[in-house]
Amino acid sequence: MKKTIDTNSVLLQARDLVKHYPIKTGVIRHTTGFVRAVDGVSFDLHPGETLGVVGESGCGKSTLGRLLMRLEEPTSGSVFFDGVEMYRQPLNGAAMKKLRRNIQIVFQDPYTSLNPRMTVGDIVGEPFKIHPEVAPKGSRRAKVQELLDMVGLNPEHISRYPHQFSGGQRQRIGVARGIALNPKVLILDEPVSALDVSVQAQVVNLLEKLQAELGLAYVFIAHDLAVVRHICDRVAVMYLGRIAEMGNEEEIYDRPTHPYTQALLSAVPVPDPTLKDSSNQIVLTGDVPSPANPPAGCRFHTRCWKLKAQGELGDSAFTACSEVLPELREHRDGQRTHLCACHVPGPRITG
Ligand code: SF4
């Protein structure tokens, strides 16, 4: 079954989303600074679409995932689901319940995200206690077995405990719980990162199958561009709490214009390393700066290979890099347009 994306409507919309955590020190817990986990993120998600959110550890992608389903309150900014602003206070109980039902999450670690004392039937059926309208009491066992079957597990194993399943099977249990309430959006927070490579592909294939069958929209969070390529329609690359580049799969992978995306792609391993031209590889030096003290100007300027290559030669186009924060703007490359936050976007400079 082929999936369909309705690009004429917007299901989930983030606008200038900010989440700063206070840093408290001393006996009286005085606020001495802020960790800028998410710092001005905007995007639209269409029904049936998969948006990949990719970046290194600490870039704010998991915080973004939690903000999207209101597990955290943002410092500022808005999220709209089906046109309703999620953070408008007060959201009454019924509206909140509807929201929770329509946006579900699958967590990264299938070893710790499932309660070891509960059977698979109890884990997958737990959401029905809060939303009995989806599966009334008498029909719950059959509904859970149907869900287990949908995710490729044996429905007869409904009374088993999580430790009796492999890592990939446990993640399938997490997915079954995620789709139990027929949500419209599934936030997938690094759903395959803790799995063996051979099992990752099986889980990704399962997610694709479910998306085509159920018309789900995914926000697929990952730290590896290679993992999301197969499944994502669009990709947002995050760096230090902000989106560095966003475009469709082809634009990001074949024509990246942000130096950070170009560096990430050059680091993607190829099946036969002898075929990879090592002179084409961009090695980023230095660590990711602390989100508690991000650099002025472009967040990436302390590690930008392009700035080092051109700026230090005196190219005036680069003088803004350390002073002015680049906004996410449309970048036109031939017939294609996508979004890039760089003062000097463009194809890779190869030496
Ligand atoms: Fe590099 Fe400057 Fe672009 Fe930032 S704005 S990515 S420092 S070239």
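The table that follows gives values for the structure above.
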| read-out | value |
| --- | --- |
| Simple spin-label estimate for Glu126 and Val84 in nanometres, 7 Å along Cα-Cβ | 2.4 |
| Leading residue at positive end of dipole, region 44-170 (Cβ point charges), from Cys59, Gly83, Thr112 | Thr112 |
| Charge sum, other residues only, whose C-beta stays under 10 Å from Gln104's C-beta, Lys/Arg counted +1 and Asp/Glu -1 | +4 |
| Residue-wise HN-Hα coupling along region 249-254, computed from phi with Karplus coefficients 6.51, -1.76, 1.60 (Hz; x: Gly, Pro) | 3, 5, 5, 6, 7, 9 |
| Within the chain, percent of DSSP bridges classed antiparallel, to nearest 5 | 65 |
| Gain upon complete extension [Glu208, Thr7; 0.36 nm per residue less C-alpha separation] | 70.5 nm |
| Residue-count net charge about Asn115 - beta-carbon cut-off 15 Å; Lys, Arg +1, Asp, Glu -1 | +2 |
| Pair Ile28, Asp149: separation of 7 Å Cα→Cβ label points (nm) | 6.5 |
| Label-to-label distance, nm, for residues given as Val18 and Glu72 (7 Å Cα→Cβ offset) | 1.5 |
| Packing-based ranking, highest mean first, of 186-196, 247-257 given that Cβ atoms within 10 Å are counted | 186-196, 247-257 |
| Theoretical ellipticity at 222 nm over the chain - DSSP helices of four or more residues, -39500 (n - 2.57) apiece, nearest 500 | -7500 deg cm²/dmol |
| Charge context of Met238, other residues only, Cβ under 12 angstrom, K/R +1, D/E -1 | 0 |
| Dipole-positive endmost among Gly93, Leu325, Ile173 within the chain (Cβ charges, Cα centre) | Gly93 |
| Long-range HN-HN contacts of Ala244 with modeled amide H, under 5 Å | Val237, Met238, Tyr239 |
| Long-range HN-HN contacts of Thr50 with modeled amide H, under 5 Å | Tyr218, Asp233, Arg234 |
| Gain on full stretching of the segment that runs from Lys97 to Asn182 - 0.36 nm per residue minus C-alpha separation | 29.3 nm |
| Shape call, the chain: gyration tensor on alpha carbons, a/c limit 1.5 | prolate |
| Nonlocal amide H pairs with Val38, under 5 Å, H built at 1.01 Å | Lys19 |
| Added length on full extension, which subtracts the Cα-Cα distance from 0.36 nm per residue, Val268 to Arg336 | 22.1 nm |
| Pairs beyond 27 Å (Cα-Cα), from Lys24/Lys184; Lys24/Lys97; Lys24/Lys306; Lys19/Lys129; Lys2/Lys143; Lys3/Lys306 | Lys24/Lys184; Lys24/Lys97; Lys24/Lys306; Lys19/Lys129; Lys3/Lys306 |
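Coordinate-derived values only; no laboratory data. The structure presented is a predicted model; accordingly, all values stated were derived computationally and were not measured. Neighbour counts run over all protein chains shown; Cβ positions are idealised from the backbone, glycine included.
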